[in-house]
Protein chains: 2
Amino acid sequence: MVSKALIQEISQLEADFCSALSDPTRLLIIYSLADKPHNVTELTNELDIIQPTISRHLKTLRDRGLVYTVRNGSSITYHLGDKRLTQALDLLRAVMRDRLKHRASLAKETKATINA
Amino acid sequence: MVSKALIQEISQLEADFCSALSDPTRLLIIYSLADKPHNVTELTNELDIIQPTISRHLKTLRDRGLVYTVRNGSSITYHLGDKRLTQALDLLRAVMRDRLKHRASLAKETKATINA
DNA sequence: AACGTATATACGTTTATGCGTATACGATAG
DNA sequence: CTATCGTATACGCATAAACGTATATACGTT
């Protein structure tokens, strides 16, 4: 049997890990890096978000080990750490898409019923 | 070309969806429901968390469409909405495990280097 | 050494999130 | 009909997260 405290601690860790994904800017960064590595300036330009904001989000991704950095002269290139991350996000997006579709059809049903 | 505003909106939606996963209690609930459906009282007992807290977290899961409910007499049974959710979480956990392992070995390396 | 470019961080503020207690609502039993 | 059990919500508080501005650090060039 696994102790309750341990289970809670693991869940906390995992929640922390997932919280890296719960911000739209960070998701945009992840998708951008999944395409190819970028440095901070490139991300700043591509996403049209000011540099300190990009850096702050990169830090939270780095702290959780989702991205890693390679110094390249005076700039720093950020890489996505694990391809499975993209797979997981793809799955989540697919689930989300289906949920939204489902709701849309429910809404239509309801409207039709009311109008009937 | 997809408009920037649309991309941002989609990312916001997805971040919102992911934020459902960024709380340890909700993860415990999801894992519990992945095993089998439960009603609120069962979750309360199994996870040893007070009922209003369980209900609140269930609401956020329900709002995002991750779980659905079936009324069963006077109680309400909660079901996990999509098996892919578990798959995605498994992937994320695997990534996290590897990251932690990697860091542990890095820490060991560092220590060895310092002590050398 | 001095300057410019690239990146990171600190600070104060605003907004969001979670918690516990108390309470309301809904369904069933007696 | 009211008492009870199961579930949901409201409220006040405490904590955490995000943002923009300002500033610090690091590297490369001259």
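The values are calculated or read from the model by the stated rules, or taken from the named source; none is laboratory data. This one's a predicted model, so the numbers in the text were calculated from it and none came from an experiment. Methodologically, a virtual Cβ is constructed for each residue, glycine included, from the backbone with ideal geometry; neighbour enumeration extends over all protein chains shown. Side chains are part of the model used for accessible areas, which takes the heavy atoms of the whole protein and leaves out ligands, DNA and RNA. Shrake-Rupley method; radii C 1.70, N 1.55, O 1.52, S 1.80 Å.
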**OP:** Would you mind finding the one in B:ALA94, B:ALA104, B:ALA5, B:ALA88 that is within 12 Å of another protein chain (Cβ to nearest Cβ), farther than 30 Å from A:ASN45 by Cα and more than 18 Å from the chain's Cα centre (by Cα)?
**Re:** B:ALA104
Original post:
Which one of B:ILE49, B:ILE10, B:ILE76 is more than 26 Å from A:GLU9 (Cβ to Cβ), within 11 Å of DNA strand C (Cβ to nearest atom), free of Cβ contacts under 8 Å to residues at least 40 places away in the same chain and surrounded by 13 or more Cβ atoms within 10 Å (Cβ to Cβ)?
Top reply: B:ILE76
Original post:
Could you say whether any residue in the stretch B:18-27 is small (Gly, Ala, Ser), within 11 Å of DNA strand C (Cβ to nearest atom), touching a residue at least 24 places away in the same chain (Cβ under 8 Å) and touching a strand residue (DSSP E or B) at 6+ places or on another chain (Cβ under 8 Å)?
Top reply: no
Original post:
Taking the stretch A:37-53, which residues are assigned to a helix (DSSP H, G or I) and either of a type in the set (Phe, Trp, Tyr) or closer than 17 Å to B:LYS4 by Cβ (or both)?
Top reply: A:GLU42, A:LEU43, A:THR44, A:ASN45, A:GLU46, A:LEU47, A:THR53
Original post:
Within the stretch B:22-31, can one find any residue that is open to solvent by less than 80 Å² (accessible area, probe 1.4 Å), farther than 23 Å from A:LEU6 by Cα and of a type in the set (Ser, Thr, Tyr)?
Top reply: no
Subject >> Filtered residues of the stretch A:8-28 (kept if within 7 Å of chain B (Cβ to nearest Cβ) and more than 15 Å from DNA strand D (Cβ to nearest atom)) >> reply: A:GLN8
Subject >> Set A:ALA34, A:ALA88, A:ALA94, A:ALA107: member being closer than 28 Å to B:THR86 by Cβ, in a helix (DSSP H, G or I), without any contact (Cβ under 8 Å) to a residue 24 or more places away in the chain and touching a Leu at 6+ places or on another chain (Cβ under 8 Å) >> reply: A:ALA88
**OP:** May I ask you to list the residues in the stretch A:1-31 that are not in a helix (DSSP H, G or I) and not assigned by TED's automatic domain parsing to the domain that holds A:ILE54?
**Re:** A:MET1, A:VAL2, A:SER3
Original post:
Mind checking whether some residue in the stretch B:62-83 is within 16 Å of DNA strand D (Cβ to nearest atom), polar (S, T, N, Q) and assigned to a helix (DSSP H, G or I)?
Top reply: no
Original post:
Take the residues of the stretch B:52-73 that are more than 14 Å from chain A (Cβ to nearest Cβ) and among the charged types (D, E, K, R): which is farthest from DNA strand C (Cβ to nearest atom)?
Top reply: B:LYS59
